[in-house]
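The values are calculated or read from the model by the stated rules, or taken from the named source; none is laboratory data. These numbers come from a predicted model, not from an experiment. Cβ sites come from the backbone with ideal geometry, for glycine too, and all protein chains shown count toward neighbours. The accessibility values were calculated without ligands, DNA or RNA, using every heavy atom of the protein model including side chains. Shrake-Rupley method; radii C 1.70, N 1.55, O 1.52, S 1.80 Å.
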Amino acid sequence: MENKKIILEEKTWNAKSFFFQWEWMLVVLLLLVHVFNGAVSPYYFSVDTFLSTPMSFLDQAFIVFPMMLVLISGNGNIDISVASIVALSSVIMGVSYNHGVPMSASIVLCFLTATLCGFINGSILVKFPELPAMIVTLSTQILYRGVAYIILENRAVGKFPSWFEYFGWGYVGPIPFIFLMFIICAVIYGIVIHKTSFGRSVYAVGNNRTAALYSGIKTNRLTLLIFTLTGFMSGFTALFLTSRMGSTRPNIASGYEMDIIAMAVLGGVSTDGGKGRIWGPVLAIFIIGYLEYGLGLLNQSAQVVMIIIGILLISSVLIQDIHIFGKHRVLPGRK
């Protein structure tokens, strides 16, 4: 019997494969956004601007991470109810505080409400797998926002304690508290998505749900957990957004779901499932956030912002699926 030789080949670094990644294109795009904003405002290039500006858009970024998991899990999964979950949990928090519940307990109610909404989404999808996630979350989007309007009608509630403002406007040294929390969440989700068996299971389900099921992955439990987690993170957005605004009403966070999905997709997360990396959405969050800030300096309407973001999304999908050297190649950002 001949001895089999096992040859271990050392992986060599390839400059082309390293630099030809979607994340590098996003880095270039982010630099172009900064150049544009600098041309609009002579005061833009300052440390204070770079640190304080994200306070206006990072509240919605917390949902981008679980939305990554939703999209990566495939099966056409998407959650367009997140903005309504933010509104409902914020309203519950504001109304409960104004009815005598301590602020700390009201914050807990905010997270419980958001988590319950996500759990309901996941439970429906698990119980009725034939229903598309888009239809289910579209229905709950209307439901949750409707409940918020029933509770508060068209009124606003506020008068929160002074310490509550810290979540939206506070600083830890020179760094905004919300920015610090964003970094912590990005690191945690990066580890969870890329370094844990849970993350590998999400990718496996997104690539081939049937094969993942037969390999022992509890796909229904995974779906339930992902949507519940999306609801829970919506509670963070509700907390920071309400703190920044100083009040709440049923129509807050309107349109957030589109920004959140746009940030994930622009970041290279495939809506077909099984593809996406954490750094892409992180960069896309700042691209869209700083772009909206720059367009705001020009007093551009929300419709113009939506058109530009739409063009960015279409371009990103097309560029990531271009033909290179005569062969169809999906860039590593879509792996």
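Structure above, values below:
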quantity: Output for the stretch 124-136, where each listed residue is in a helix (DSSP H, G or I) and open to solvent by 40 Å² or more (accessible area, probe 1.4 Å); calculated: Ile124, Val126, Lys127, Met134, Ile135
quantity: Unique residue being touching a residue at least 12 places away in the same chain (Cβ under 8 Å) and open to solvent by less than 10 Å² (accessible area, probe 1.4 Å) when the list is Leu313, Leu266, Leu297; calculated: Leu266
quantity: Subset of the stretch 137-159 that is surrounded by fewer than 20 Cβ atoms within 10 Å (Cβ to Cβ) and of a type in the set (A, V, I, L, M, F, W, C) - its residue that is nearest to Thr248 (Cα to Cα); calculated: Ala156
quantity: Unique match (being on the phi > 0 side of the Ramachandran plot and either open to solvent by 50 Å² or more (accessible area, probe 1.4 Å) or at pLDDT 90 or above (or both)) among Asn98, Asn14, Asn75; calculated: Asn75
quantity: Any hit, the stretch 146-163, residues being among the polar types (S, T, N, Q) and either in contact (Cβ under 8 Å) with a residue 40 or more places away in the chain or closer than 21 Å to Gln60 by Cα (or both); calculated: yes
quantity: Test: residue in the stretch 58-73 that is charged (D, E, K, R) and under 15 Å from Arg145 (Cβ atoms); calculated: no
quantity: Residues of the stretch 270-285 satisfying the condition of being in contact with a Gly (Cβ under 7 Å, 6 or more places away or on another chain) and open to solvent by 40 Å² or more (accessible area, probe 1.4 Å); calculated: Asp272, Arg277
quantity: Top-ranked residue in the stretch 160-205 [being in a helix (DSSP H, G or I) and of a type in the set (Gly, Ala, Ser); ranked as most open to solvent (accessible area, probe 1.4 Å)]; calculated: Ser162
quantity: Conditions (1) of a type in the set (Ser, Thr, Tyr); (2) over 19 Å from Ser254 (Cα atoms); (3) open to solvent by less than 10 Å² (accessible area, probe 1.4 Å); (4) part of a helix (DSSP H, G or I); number of the one not met by Ser89; calculated: (2)
